Amino acid sequence: MVDARHELEDLLAGGTAVERLGGGMAWAEGPLWVPSRRAVRCSDIPGDRVMEWHEPTGSWGVLAEGVEFTNGRTLGLGGEVVQCSHGRRRVEVERDGVVTGLVDSWRGHRLNSPNDVVVRSDGTVWFTDPSYGIHRAAEGHPGEEEYGGHHVFRHDPATGELDAVVTDVAMPNGLAFSPDQRVLYVADSSRSPTRDDDPPGDGHAVHAYDVVDGRRCERGRVLAEVDPGLPDGVRVDEHGHVWTTSATAVLVLRPDGSEVGRVPVGEVVSNLCFGGGAGTDVFVTASTSLYRLRTRVRDAAAVLAPRG
Ligand code: MG
């Protein structure tokens, strides 16, 4: 039963203090709890490496280097890691350290630079494809936008289908489904006041779409505008709250877009994920660092279909 009438204090287990777990990154992104390793990993995009924090020991270090600028990632239904690569301009799968491509083109044109990804309980892979990784030299390889847009795609690995499901968000970034998977949330991060190498734009909202027949997005609307800065990562908890990021904080929204509250973080925030042994820790990537926030809730997807 979805009940999103909580106050922030109901959702947090120990107040709004965040704990810094590791640092030294140039721009941290793409956190994911990997149950089989009892660890959270994240991308240091300009550093072209994946970092890992191991929960049992608290150790923090480099997991992989020369990773072709990975960004966001999620767990597949079998516990494998599904991740986005700016450098390879594709969505790929990592199993036991071996990386294989999943999808890299649409209608004969290469993707831009997939940014973040989520796997629906039917096994379809939904991802965003803005152009940061081909425009920002430090975050990939310079290149052209080949299909002429920045879309959200749905890929069905069973059939090979790749369909554009959202085409009206300027720079789609983080994405997540509601607990019943009938709503898709997409962050627009096209507001780029500090980046001269980004396309012009002022999008700084989380958008919501009705998911029809598990394969189309309709009735797009703005769920909430995010200030200061812009939303990047998006996750949804088991009660339907939408957890997203701004320049200064983690924001928690209700399904109607009203704000439950915000958790200040001392650096510009990029992304977040649920994890930890009980699934109730929120791991936050913010500029140079990885942080942990203790909560009382789990990821909606983890409750729907436990993975890994
Ligand atoms: Mg992102």
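Among Leu290, Leu75, Leu12, the residue with the largest mean-square fluctuation in a Gaussian network model of the chain, with springs joining Cα atoms closer than 10 Å, is Leu12. For the chain, a simple Cβ point-charge model (Lys and Arg +1, Asp and Glu -1, everything else neutral) yields a dipole of about 540 debye relative to the Cα centre.
Taking all protein chains into account, the per residue accessible area for the chain stands at 39 Å² (1.4 Å probe).
Spatial offset of segment 111-133 relative to segment 1-74 amounts to 18 Å, using the alpha carbon center of each.
Expressed as a whole percent, the accessible area of the chain that falls on carbon and sulfur atoms is 47 (1.4 Å probe). One chain, two ends: Leu77 and Ala137. Fully extended at 0.36 nm per residue, the span grows by 18.3 nm beyond their Cα-Cα distance. Its relative contact order, with pairs defined as Cα atoms under 8 Å and 6+ residues apart, puts segment 8-303 at 17 percent.
Distance between the 7 Å Cα→Cβ label points at Ala158 and Thr57: 4.1 nm.
For Ala26, the residues whose modelled amide H falls within less than 5 Å of its own, excluding neighbours fewer than 5 places apart on the same chain, are Gly47.
Shape class of segment 226-301 from the Cα gyration tensor (axes a ≥ b ≥ c, square roots of the eigenvalues): oblate, since a/c reaches 1.5 or more and a/b does not exceed b/c.
Taking GluC sites (Glu not before Pro) across segment 2-88, the ones in a DSSP loop with at most 12 further Cβ atoms lying within 10 angstrom of their Cβ are Glu7.
Annotation note: trypsin sites (Lys or Arg not before Pro) in segment 1-80 located in DSSP loop regions with a Cβ neighbour count of at most 15 within 10 Å are Arg5, Arg38. Backbone amide hydrogens, once placed in the peptide plane, bring Arg216 within less than 5 Å of nothing, excluding anything fewer than 5 places away on its chain.
Phi angles across segment 277-286 convert, under the Karplus curve 6.51 cos²θ - 1.76 cosθ + 1.60 with θ = phi - 60°, into 3J(HN,Hα) values of x, 8, x, 9, 8, 9, 9, 10, 8, 8 Hz, Gly and Pro given as x.
The values are calculated or read from the model by the stated rules, or taken from the named source; none is laboratory data. Note that the structure is predicted; figures quoted are calculated from it, not measured. Virtual Cβ from ideal backbone geometry, glycine too; neighbours counted across all protein chains shown. Quick note on the areas: whole protein, heavy atoms, side chains included, nothing else; ligands and nucleic acids left out. Shrake-Rupley method; radii C 1.70, N 1.55, O 1.52, S 1.80 Å.
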